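The values are calculated or read from the model by the stated rules, or taken from the named source; none is laboratory data. All values derive from a computational prediction rather than experimental measurement. Backbone-built Cβ (ideal geometry, glycine too); neighbour counts: all protein chains shown.
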Amino acid sequence: MNYEFTSRVHYLDSLRIIATLGVICIHVSSKEIYSNLASYNWYLSVIFDGLVRWSVPIFVMISGTLFLNPSKQISHKDIITKNILRLLVAYLSWWIFYSVLVTAWHFVFDNTFALTLTPHYHLWFLPMMIGIYFLIPVLRKISTDKKITLYCLTIWFIYISGSFIFINEIPQISELFSINIIIGFSGYFLLGHFISTYTLSKRQIKTIYILGILGLVITVAGCILSSLHSKQTDLIFFEYLSPHTILASTALFVFIKEKSNGISLKKIKFINYIRKDLFGIYLLHPIFILIFNHDIFRNLCNHIITIPAVITMIFIFSLYTSKLLRLTPLRKIIE
């Protein structure tokens, strides 16, 4: 998420905004995803959630585009003292903050006192990125050679596919395709670099779009069918490390990149107004989920309207809270 060593690449900023909205959408729509199986609101939740599973992979792909750029000189020392340390400080600070917040929330509204020490659900992304940052020197060596990069991406996709297909099947086969979460997301890191660096033909782009749409269909339809079959919500098709999510993430990344030419000055100003607060929005949005994502707002009318409305409110309140905090000493843990 660190952009300090790059000139502005506006399609990457556009992707960050879209991915941020996608993350909020996942957290908002998941409210009813485990209740009232096969109800109207359950179907809506599955659709909203399933259509944005590319959001987290997109963030990793953006980071890969920036950190694996061969024209940028990045020392091992800078990776540790600037990038890793920054995320570590943010992770620990917000872990403490949300532990206090959740404990206080339950005390005030549930009249119970239970100290919450588990990191808040959205913070898992930060230690995962720290793990990838430690691998950057190795990934930069790989990314200098197109053939080796393509080979690694091919093996990665095969292993992700095998892991998804054979999960919970024959133990020896499952173990063969087992993949660590950091290694798994490192594939997205390389993929972002590959797409941003090499030119694709029109035929390749068209194929990617078709496969991306297919990936979205598999995500949503797979979740619905597997859940109806098992008579309980089954989110296996929502995994970030799955072949269909890779296809959808690749298609969106390519689409935004291809449509970025000739972006208007008005859009650039809008992007620049928001981009510095996107990390803050990510860190802050669960606070406003507590406030806005409940039945008072969701039941005002059809959820096909209220879910996007709640997402928008959460985004806006998180944005301006981030802007306020960046005027204080807390800016060090929100930028």
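Here are the numbers:
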item: Some residue of the range 35-43 being within 20 Å of L241 (Cβ to Cβ) and not aliphatic (A, V, I, L, M); result: no
item: Contacts under 7 angstrom Cβ, first residue in the range 245-261 being more than 16 Å from V60 (Cα to Cα), partner of a type in the set (A, V, I, L, M, F, W, C) and modelled with pLDDT of 95 or more, 6 or more apart; result: E258/I205
item: The listed residue being at pLDDT 95 or above, of a type in the set (F, W, Y) and over 15 Å from the mean Cα position of the chain (by Cα), out of Y34, Y43, Y3, Y11; result: Y43
item: In the range 44-102, the residues that are crowded, with 21+ Cβ neighbours inside 10 Å, among the polar types (S, T, N, Q) and over 28 Å from G212 (Cβ atoms); result: N83
item: Segments classed as helices (runs of 4 or more DSSP H), wholly inside the range 277-335, with at least 2 members that are within 21 Å of the chain's Cα centre (by Cα) and either of a type outside the set (F, W, Y) or on the phi < 0 side of the Ramachandran plot (or both); result: 278-292, 303-325
item: Per-region count, the range 41-86, residues under 30 Å from P308 (Cα atoms) and not acidic (D, E); result: 24
item: Where a residue in the range 68-88 is over 15 Å from P127 (Cα atoms) and its partner, wherever it lies, is crowded, with 18+ Cβ neighbours inside 10 Å and among the hydroxyl-bearing types (S, T, Y), with Cβ under 7 Å and at least six apart; result: L68/S143
item: Which numbered condition R203 misses (of (1) surrounded by fewer than 12 Cβ atoms within 10 Å (Cβ to Cβ); (2) touching a residue at least 24 places away in the same chain (Cβ under 8 Å)); result: (2)
item: Selection count where residues are surrounded by fewer than 12 Cβ atoms within 10 Å (Cβ to Cβ) and either in contact with a strand residue (DSSP E or B) (Cβ under 9 Å, 6 or more places away or on another chain) or modelled with pLDDT of 85 or more (or both), scope the range 144-179; result: 6
item: Cβ-Cβ under 7 Å pairs, at least 6 apart or on other chains, the range 141-165 side touching a residue at least 12 places away in the same chain (Cβ under 8 Å), far side surrounded by 15 or more Cβ atoms within 10 Å (Cβ to Cβ) and among the acidic types (D, E); result: F164/E239
